[in-house]
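Structure record follows, encoded as structure tokens.
Quick note: the coordinates plus some simple rules give every number you see, no bench work behind them. Fair warning: this is a prediction, and the values are worked out from it, not measured in the lab.
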Amino acid sequence: MTIRPIDVSWLRGEYGEECYSFIYIRATPEQVVARLGGRWEDFTPGPLPEDPDDYPTSGEPLGVTSIGDWTFVFDTDWLGTCEDVITKLSEGTRLVSQAALSVKGLDYFHWCENGEIRFCYGFDEEPPEEEPDEIADVMAEIDRLYPSSSSMYEGPAFLLVEHLTGIRVTEQLLRGSTFMWGVVPEPSGS
């Protein structure tokens, strides 16, 4: 297996000073919004903004778009780290989430299958001693490509996402997508 590094420099600009969660769910955008307690008809179309202060919806907006059989969720907060939320969203399907606030070195990654967390990594947690067999080869490649001091948001998380979803997240992909923007209820306990 040979993987290529990915350019995530675009996330180090304006977005590097903001928290973001990227959530990938094998489901339709309408299903994802409904599972989050939102109303699809309240969401409006718009691009991923150049500046994280220019979201097309006020409050804590959430952007969703289709990428193949997957829904990509751009969250301006820590939704992708809420274990109750991501395990519920993953029921009957696969979910992968990554969240970061690079200016503070905060970094999280989750892979869930059918309501259960299969693998997780967080800046304040010890790295898992063993990875599931399904990701062992790609983790070995990631270790080869990136020094041990690299944070997941500096590239490794994106390569793991690509392995688990088939989606290679690039600035061009996201900027070329039309998102549906809206607000969902805040998860209880947040």
Exercise. Roughly speaking, what is the stretch gain from Glu50 to Arg144, that is 0.36 nm per residue apart minus the C-alpha to C-alpha distance, in nm to one decimal?
Worked result: 30.6 nm
For this session: Kindly write out, for the stretch 159-169 in residue order, the coupling ³J(HN,Hα) from the Karplus curve 6.51 cos²θ - 1.76 cosθ + 1.60 (θ = phi - 60°), rounded to whole Hz, with x marking Gly and Pro.
Result: 6, 5, 4, 4, 5, 7, 10, x, 9, 9, 6
Exercise. In sequence order, what are the phi-derived ³J(HN,Hα) couplings for the stretch 23-29 according to the Karplus relation 6.51 cos²θ - 1.76 cosθ + 1.60 with θ = phi - 60°, rounded to whole Hz, with x for glycine and proline?
Worked result: 10, 10, 9, 7, 6, 7, x
